[in-house]
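Visitor: Supplied in structure tokens, the structure appears directly below.
The values are calculated or read from the model by the stated rules, or taken from the named source; none is laboratory data. Just so it is clear, the structure is predicted and the values come from calculations on it, not from any experiment. Cβ atoms come from the backbone with ideal geometry, glycine included; neighbour counts cover every protein chain shown. Areas reflect the complete protein model, heavy atoms only, side chains present, ligands, DNA and RNA absent. Shrake-Rupley method; radii C 1.70, N 1.55, O 1.52, S 1.80 Å.
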Amino acid sequence: MKYIKDNFMGDLASLHQIFVPIHLNSHWFLIVVDLLNGVVKYLDSFKKGTLEAERKSVINTLLNYLEEFLSEKNFGETPSFRNIQFSKYKFREPDVPQQSAKSNNCGIWVTQWMQLTRYWNLGNKTWVISDYTRMRLAVDLVNDENNSKRDIIEELAITDWNKKMQQSVMQT
């Protein structure tokens, strides 16, 4: 636990939200634990009635695990995490756009929500997943300063682009 905290968690006293993308039965959905406001948000782009009970059971299991994890003695030096009880948090299911049954966009939705959550309110906002959204996500991931392969990928993309442009010019 101490290794995980020291290497992956950062300063727990400044932790405001925990994002947990969950993959269950070939579908991605997102849980956001808002520590400041005492809220657990369930974001799902494909709420299918028959699977909703199973997803909520997984969410409860996850919350129990997080309580135990954050209450562990290695986190004890951060008093606010000693007696955390997610079971007392408000549970919210914001209205989010629903993908079509034949769509594979659930992972794109989850990554978008994780990237943009600090900028938006789920009120009346319209969200659309399109080729632009996919490309924007890919570009953001490639260009991230933590991507050790960024330069190689950019070089390959430029080479591929130039090749396609040459082919396009030759066809006209």
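Visitor: Specify the residue that is least open to solvent (accessible area, probe 1.4 Å); the eligible residues are those in the stretch 35-66 that are of a type in the set (D, E, K, R) and without any contact (Cβ under 8 Å) to a residue 24 or more places away in the chain.
Guide: Among those that are of a type in the set (D, E, K, R) and without any contact (Cβ under 8 Å) to a residue 24 or more places away in the chain, it is Glu52.
Visitor: In the stretch 142-170, which residues are at pLDDT 75 or above, of a type outside the set (D, E, K, R) and within 22 Å of Phe19 (Cβ to Cβ)?
Guide: Val142, Asn143, Asn147, listed by residue number.
Visitor: When the residues of the stretch 141-165 are filtered to those that are open to solvent by less than 70 Å² (accessible area, probe 1.4 Å) and not in a helix (DSSP H, G or I), which remaining residue is nearest to Val110 (Cα to Cα)?
Guide: Asp144
Visitor: Which pairs do you get when a residue that is among the hydrophobic types (A, V, I, L, M, F, W, C), found in the stretch 91-117, comes within reach of a residue that is crowded, with 16+ Cβ neighbours inside 10 Å and part of a helix (DSSP H, G or I), reach meaning Cβ atoms under 9 angstrom, with the pair 6+ apart or on two chains?
Guide: Correct list of pairs: Phe91/Ile59; Val96/Trp109; Val96/Trp113; Ile108/Thr133; Ile108/Leu137.
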